[in-house]
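The values are calculated or read from the model by the stated rules, or taken from the named source; none is laboratory data. None of the values given here were measured: they were computed from a predicted structure. In this analysis, Cβ positions are derived from the backbone assuming ideal geometry, glycine residues included, and neighbour counts consider all displayed protein chains.
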Amino acid sequence: MQIFEKKSALILCLSLLKEKNKQIGFVPTMGVLHKGHQSLVEKSIANNHFTVVSIFINPTQFNKEEDLKKYPKTLEADLELLKNTGCDAVFIPSVDEIYKQNVVAKSYVFGGIENQMEGAFRPGHFDGVATIVHAFFDIIKPNNAYFGEKDFQQLQVVKKLAEIKNLPVNVIGCPIFREKDGLAMSSRNVRLTSKQRAEVPFIYQTLKETVRLAKTTSIKELYAFVEKEFAKTALDLEYFTIAEETSLEEISTINFNRKNRAFIAVNAGSIRLIDNLAI
Ligand code: PAF
């Protein structure tokens, strides 16, 4: 497995492969890799000649300094996992290598899908995500790029980015990986105390229950149900939204002929967790 810190070296390596018509797969990450990431890397390896994984904690997508500072790092274990999975190359640039002296996000318009949920509660977040993903797509020029559905809104934003900027990449969404008790795998989970860890499976349980109730209950009642359930816990519900999958527009009645999804964000102390489930 080759490790690159400089984009020029990575670009050179990839240009040799592209001359031979090799397909490049790309998995962007911020490290602290878990089985969910591993499944993306495995999918890329299975469907491309060469797989690049980036590990880069992107400062411009954090709207809280505290969150950025506390973002966990496990580089050695990450490299071990990637090597054992059969990854071909890892790109670990410095902040300087990517942003030079100008550590700011560019501004993007995605037709409204960027404004609700994560966009509303984390102002500037998707500009930061789009800035870094766009930069990586420009450097790597992958044929296929893989994103987990846990960050479902991010996945739709990246699809839109590829569409509006005419980028020749297939953006592929991959299912959420869950712990045995249903908790969606996330790099942030390692920060949970054992008490919080015991409580957070409630997020998925509640999502599952709302999907079951959605068959017979109005959306208004579902929202009230979720609020009432979380009020009984130490978890702080940030939002619960039922939206149409592509437009991400909040819906007021469920039309089972369309694809709808329940989205949730919850704070366990200072640790912010998100999840979603198709209805
Ligand atoms: O999902 C993530 O880990 C990040 O948002 C991403 C896509 C790697 C961009 O920094």
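Per-residue answers, yes or no, for (1) within 16 Å of the ligand (Cβ to nearest atom); (2) of a type in the set (Asp, Glu); (3) on the phi > 0 side of the Ramachandran plot:
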| site | (1), (2), (3) |
| --- | --- |
| Asn170 | yes, no, no |
| Glu179 | no, yes, no |
| Met185 | yes, no, no |
| Leu192 | no, no, no |
| Lys195 | no, no, no |
| Phe202 | no, no, no |
| Thr206 | no, no, no |
| Val211 | no, no, no |
| Lys215 | no, no, no |
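The selection criterion, being at pLDDT 95 or above, part of a loop (DSSP other than H, G, I, E, B) and within 16 Å of the ligand (Cβ to nearest atom), holds for Ile113. Scanning the stretch 47-63 for residues that are within 15 Å of the ligand (Cβ to nearest atom) and farther than 19 Å from Lys6 by Cα yields Thr60, Gln61, Phe62, Asn63.
The set of residues in the stretch 135-159 being buried (at least 17 other Cβ atoms within 10 Å of the Cβ) and either in a loop (DSSP other than H, G, I, E, B) or more than 14 Å from the ligand (Cβ to nearest atom) (or both) consists of Pro142, Asn143, Asn144.
If we scan the stretch 91-101, do we find a residue that is among the hydrophobic types (A, V, I, L, M, F, W, C), over 30 Å from Ile251 (Cβ atoms) and assigned to a strand (DSSP E or B)? Within the stretch 91-101, one or more residues are among the hydrophobic types (A, V, I, L, M, F, W, C), over 30 Å from Ile251 (Cβ atoms) and assigned to a strand (DSSP E or B). So, in the stretch 246-279, how many residues would count as being charged (D, E, K, R) and crowded, with 17+ Cβ neighbours inside 10 Å? Looking only at that region, the number is 3.
If you check Phe26 against the conditions, is it crowded, with 22+ Cβ neighbours inside 10 Å and aromatic (Phe, Trp, Tyr)? Yes: the conditions hold for Phe26.
Restricting Ser15, Ser44, Ser39 to those that are in a helix (DSSP H, G or I), within 16 Å of the ligand (Cβ to nearest atom) and more than 25 Å from Arg272 (Cα to Cα) reduces the list to Ser44.
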